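Read the figures in this text as sums done on the coordinates, not as results from a lab. Computed from a predicted structure; not experimentally measured. Note that we place each Cβ from the backbone using ideal geometry, even for glycine, and neighbour counts take in every protein chain shown.
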Amino acid sequence: MSVNLSEFKRIMNGIKDTRKVSFTKHAEERLVQRNINKDEILKSLYELKDLVSVEVRGSDEDLFGQEYTLRFKKLSNYDLVVVITIKAEKVEVVTAYYPDKKKEKRYKEWRDSQK
């Protein structure tokens with residue numbers, strides 16, 4: 001389910017001053033494995049200027065406690081995807097990766113053909 005970008009930015013900005021960002025063990029391992037810098041993730045989360053989409057898993061109307069997949073446009077040729085949860089004014093990074101655009105395109109085509 002997609003979330004309105006301006007609504008999501010409002011939520012993030014509303015907790016920005018008191019927010020604490022933590023990383024799961026899984027995220028820590030994947031960042032090293034994928035050569036992604038924590039500072040890049042933190043900067044993206046704090047500024048939100050490159051945020052292009054937000055997907056939420058689950059159907060609960062409450063936006064807190066949900067898992068979000070955030071896509072940031074970093075350069076013309078790559079994006080950064082960060083999966084987070086927001087609980088009680090705390091943000092936890094679950095994982096992060098640079099998506100393979102060719103695989104994504106093939107998956108989208110396959111998914112659309114299944115409808």
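Pick out, in residue order, every one of the GluC sites (Glu not before Pro) in region 29-109 that is DSSP loop and has at most 10 other C-beta atoms within 10 Å; say none if there are none. All intermediate terms of the calculation are to be shown ahead of the outcome.
Numbers: sites: GLU29, GLU40, GLU47, GLU55, GLU61, GLU67, GLU89, GLU92, GLU104, GLU109; in loops: GLU61, GLU89.
Passing both the DSSP loop test and the Cβ count: GLU61.
Where the convex hull is taken over the Cα atoms of region 5-113, what is its projected area averaged over directions, in nm²? If you can, show how the numbers build up before the last one.
Working: hull surface 30.6 nm².
One quarter of the hull surface, i.e. the mean projection, equals 7.6 nm².
Considering only DSSP states other than H, G, I, E and B, which chymotrypsin sites (Phe, Trp or Tyr not before Pro) in region 22-115 qualify as loop sites with at most 13 other Cβ atoms within 10 Å? Numbers along the way, then the final one.
Working: sites: PHE23, TYR46, PHE64, TYR68, PHE72, TYR78, TYR97, TYR107, TRP110; in loops: PHE64.
Qualifying residues, ordered by number: PHE64.
Which value in deg cm²/dmol, rounded to the nearest 500, describes the helix-derived mean residue ellipticity at 222 nm for the chain, given -39,500 (n - 2.57) per DSSP H run of n ≥ 4 and division by the residue count?
Helix-only estimate at 222 nm: -11000 deg cm²/dmol.
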